[in-house]
1. Based on Cα positions only, what radius of gyration and what Dmax would you give for the chain, in angstroms?
2. For LYS165, list the lysines whose Cα falls under 27 Å from its own Cα; do not include residues on the same chain fewer than 8 positions away.
3. Angle, helix 318-334 long axis vs. longest principal axis of the chain, Cα atoms, 0 to 90°, nearest 10?
4. If each residue's Cβ is checked for other Cβ atoms within 10 Å, how do ASP56, ASP286, ASP22 rank with the fewest at the top?
5. Can you work out the Karplus-derived ³J(HN,Hα) for every residue in the stretch 17-22? Use 6.51 cos²θ - 1.76 cosθ + 1.60 with θ = phi - 60°, whole Hz, and x for glycine or proline.
6. Take the alpha carbon atoms of the stretch 203-257, find their center, do the same for the stretch 1-63, and report the distance between the two centers in whole angstrom.
7. Most exposed first by the Cβ proxy, i.e. fewest other Cβ within 10 Å, how do ARG194, ARG252, ARG153 rank?
8. I'd like the orientation of helix 209-220 relative to the chain: the angle between its Cα long axis and the longest Cα principal axis, in ° from 0 to 90, rounded to 10.
Amino acid sequence: MSQFLAALIASGTILAIVLATDLGQRRITTMRMLRSVIAVAVVIAIFVHSFPTQGDDLPLQLVGIGTGLIFGLIAGALLPAHRHGSGELYTVGGVGYALVWIVLSLGRVLFAYGAEHWFTEDLVRFSIDYKISGADTYANTFVFMSLAMVLARTASLMTKMRRLKSGAAVGEEQLSETNATMRLRAPRNRVPGRAIGWWSVQSALFALPLPLTFAILWASIPPTRELFMWFTLISLLPGLLYMAVMPFWRYRVHRWEVTDEAVYAASGWLWQQWRVVPLSRVQTVDTLRGPLQQLFGLSGISVTTASSSAVRIKGLDQKVGDELVAYLTRATQAVPGDAA
């Protein structure tokens, strides 16, 4: 079997299982977390035939593992988790999460194809110069990268599951009472237009580092310029689309409202979430104000209850955010309820 065909089968299998397991809203289960790990283990059993350790073989494979851990943590950060009203735990895998896996999978396939058709002589020369023993070392590097990425993503899921389960759950009577007295509806207030700029900078910080890295490698390693040119284009085009669409779409979705009885919030873009929290259930109210939000004169608030994850309203004007925190603090102290 050629290196390209092996890379295509291995990468396609892992990508298909990961996206089928994580894309969209998915319940967190033990089998779900193990499914991708099992798939990678099978790929290793089939495609890893040796473990070269001569010359720079071992450092190259360790670089693959380190890269996989980094991107696995990035993927885990792009897989937000929350507790459903039924008490079950869910994650929401969106476009950003899928792009991380797609770009790395395509990168491996393109490298394998290029090794056979585009830069075969250059790769042989590179292997001789840096004492890389052969194709098995490169294949192992990518397979171990996939394993490390899946393990990091699984560890991230387990951490989120433990954190959500550690929150104290209220009884069914309290949940039923809340559902009976509060009606979920769209909030009335938009965030200020400056939030578009804030989300635009966030999207650029997410979408541009990977193509910029490939561009630097393209400029720094002449023998592999054609390969890294394709890597740059493949990672840049989806990133530009994300930067063009996400901030404006998110602005249309994000709304908030605070009444004498409850806090309403709508967030997200492709996968949207509406939340309502009765003031009688509120435990704490915190201010969220990162460096980028401060740069745009924005703020946010986090409303925490005993029964579910915190409700966050981001992209507020700083003055409005401060006033909301003060108002909610006074209101929750005055409203009798079961927050304690």
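1. When restricted to Cα atoms, the chain yields Rg and Dmax of 23.9, 76 Å.
2. Output for LYS165: LYS314.
3. Tilt of helix 318-334: around 50 degrees.
4. Details: ASP56 16, ASP286 13, ASP22 23.
With the fewest neighbours first, ASP56, ASP286, ASP22 line up as ASP286, ASP56, ASP22.
5. Listing the rounded values in order: 5, 5, 5, 5, 7, 10 Hz.
6. 24
7. Values: ARG194 15, ARG252 9, ARG153 30.
The order, fewest Cβ neighbours first, is ARG252, ARG194, ARG153.
8. For 209-220 against the chain, the angle is about 20 degrees.
Where a number appears in this text, it was derived from the coordinates with a stated rule and is not lab data. All of these numbers come straight from a predicted model, not from anything done at the bench. We place every Cβ from the backbone using ideal geometry, glycine too, and count neighbours over all the protein chains shown.
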